[in-house]
Amino acid sequence: MSIRLVNPTLRWGILSFTLLVFLGVSYTVGLVWYADVLANSPNFNGLKDATQIEPGYGDYWYRLGINQQLNLENSNTGQAIGNLRKATEINPRSADYWMGLADAYESAGQLDQARDAFQRAVSDYPVSSDVHWRYGSFLIRQGETPEGYKEIHVALGITPQLIPLAISRVWRATENVNDLLTKVLPDDLDAQRQALDFFCSQNEIEPATVVWDQMVASGRRIPIKTIFPLINQLLSEVRGDDARRIWRQAVVASGNPDEVTQGDSLVFNGGFEYDIANGGLDWHLDALPGVTYGYETASQHSGKRALRIGFDGTQNFNFNGLWQDIPVEPNTKYHFEGYLRTGGITTDSGPRFVIGFAGGRQPEIWLSDFTGDKRWEAQTADFTTASDVHLLRIYVSRLPSKRFDNKMAGFVWIDDVSLLPEGGHPNP
């Protein structure tokens, strides 16, 4: 149904009213747009003008206050507090506004007001990890560490991705590893592993050891690779006894039977009866083109199996791909023994055992290489470590051949590798 407006005056009145409404809406929209342009301009005064154009918009007051607080050239904490308070009056449920105000209060030394503002933020947004984190950090800065620990612990429960940051910040603030473990971090293996990695990366051996002891005491199964960074750090710090002790704990904690660590031989897993961990004080296997590693269960020297290394005939190897680091004592006599067997090893240069000494002053010991087909045969060496030697490396090596037909193919088997101090006895 259509309505015809016959009266011209009425038609013009409606048109005029519509035009006024349009102009009013356009003016309001224009002001909002202009205020937004001013607020996002690089000119500081533009933000101030935006608050005057839209005085009821709390975000402009908040941004103005933050800008005044952080402006290195024209910082004004007093004005910042006033503007941030204005933002909280406009929107008292914004945790961001309250935390901004709390930071400004703290900068001004008004700590009670800062605490109240942080508590208001926590009350308004209790599920925010950022709120709990910032409040907890404030409390720790004020020396209220138990309360700060609680807040940061809550933050980590909400956002576990904050754990690495919490470890570094709390440690640098308090240097109390026990509180970090029991009051801040979640009681789980991953958080403890991250703490262990942090302390190892910072060369903080003592707190790293405390973390490890806590992990072992929990009774949880711990993947063996977890301990690799600490073992490497202990070896670099010439703490061989600690490295052995912690390695034995790690082997058992990873699910292996305790007898794995027993015997007098300093070589771990010398019979390859257990899968190689590829790190720590176990054997290392370097991934190399043309080389494969596996276990032999049909013709081992003794026990249940031996290690087999295959070469595919495509490389003239400078091979040092199987090795193990062993802490030793200086000025001490040792007896080395290891068994090799080869099948179809080509070229004039074959695999052999080599014993190297950390520090570089004591020359390496090179034993005989095996080529062609050879049955199991022991290679042995007796030596005394130099006064500065605390670590040696046993590895299987092959030097490149200088002949034209120099690409090596075939297999080598290794078994029953041992290193005994004078008077020691081989593993049973």
Margin query: Can you compute the modelled spin-label distance between Asn278 and Glu206, with each label point 7 Å from Cα toward Cβ, in nm?
Written below: 3.7
Check: Given the Cα-Cα distance of Ser299 and Asn71 and 0.36 nm per residue of separation, how much length would full extension add, in nm?
Finding: 74.4 nm
Next item on the list: Compare the Cα positions of Pro207, Gly240, Val252 along the charge dipole of region 187-262 (+1 at Cβ of Lys, Arg; -1 at Cβ of Asp, Glu; about the Cα centre) and return the one farthest towards the positive end.
Entry: Val252
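Quick one: in region 187-262, what % of C-alpha pairs are over 20 Å apart?
23
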Notebook entry, point to check: Where the centre of each part is set by its Cα atoms, how far does region 253-329 sit from region 93-146, in angstrom?
Noted result: 55
Next item on the list: Please give the contour-minus-distance gain from Trp366 to Asn256: 0.36 nm per residue of separation, less the Cα-Cα distance, rounded to one decimal in nm.
Entry: 36.3 nm
Check: For Glu175 and Ile158 in the same chain, what is the full-extension length gain: residue separation times 0.36 nm, less their Cα-Cα distance, in nm?
Finding: 3.7 nm
Next item on the list: Just need the Rg to Rh number for region 284-421, please, alpha carbons only, Kirkwood Rh.
Entry: 0.98
Next item on the list: Apply the Debye scattering formula to region 162-293, with a single equal point scatterer on each alpha-carbon and no solvent, then give log10 I(q)/I(0) at q = 0.19, 0.22 Å⁻¹.
Entry: -1.07, -1.31
Next item on the list: Pop out the ³J(HN,Hα) list for region 111-119 in order, Karplus 6.51 cos²θ - 1.76 cosθ + 1.60 with θ = phi - 60°, rounded to Hz; leave Gly and Pro as x.
Entry: 6, 5, 5, 5, 4, 4, 5, 4, 4
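Using mean Cβ contacts within 10 Å as the protection proxy, how do 302-313, 366-377 order, highest first?
Packing proxy ranking, top to bottom: 302-313, 366-377.
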Check: Relative contact order of region 92-164: what whole-number percent is it, with Cα pairs under 8 angstrom and at least 6 residues apart?
Finding: 24
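Determine the relative contact order of region 207-312: mean sequence separation of Cα pairs under 8 Å and six or more apart, normalised by residue count, in whole percent.
21
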Note to self: List the lysines whose Cα sits under 26 Å from the Cα of Lys150, skipping any in the same chain fewer than 8 residues away.
What the structure shows: Lys183
Next item on the list: For Leu392, list long-range residues whose amide hydrogen, built 1.01 Å from N in the peptide plane, is under 5 Å from its own amide hydrogen.
Entry: Ile326, Val328, Ala358
Notebook entry, point to check: Say the cut-off is 27 Å between C-alpha atoms; which of Lys374/Lys402; Lys225/Lys402; Lys304/Lys374; Lys333/Lys407 go over it?
Noted result: Lys225/Lys402; Lys333/Lys407
Item checked: Zone residues, region 188-204, relative to Leu165, backbone N less than 17 Å from point 7 Å out along Cα-to-Cβ -> 195
Next item on the list: For region 148-255, calculate the relative contact order in percent as a whole number, restricting contacts to Cα pairs under 8 Å that are 6 or more residues apart.
Entry: 22
Check: Where nothing but the Cβ of Lys and Arg (+1) and of Asp and Glu (-1) is charged, how large is the charge dipole of region 364-428 around its Cα centre, in debye to the nearest 20?
Finding: 420
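Bear in mind that the values in this text are calculations on the coordinates, not laboratory data. Computed from a prediction, not measured in an experiment: that's the story for all the values here. Glycine gets a Cβ as well: all are built from the backbone with ideal geometry, and neighbour counts include every protein chain shown.
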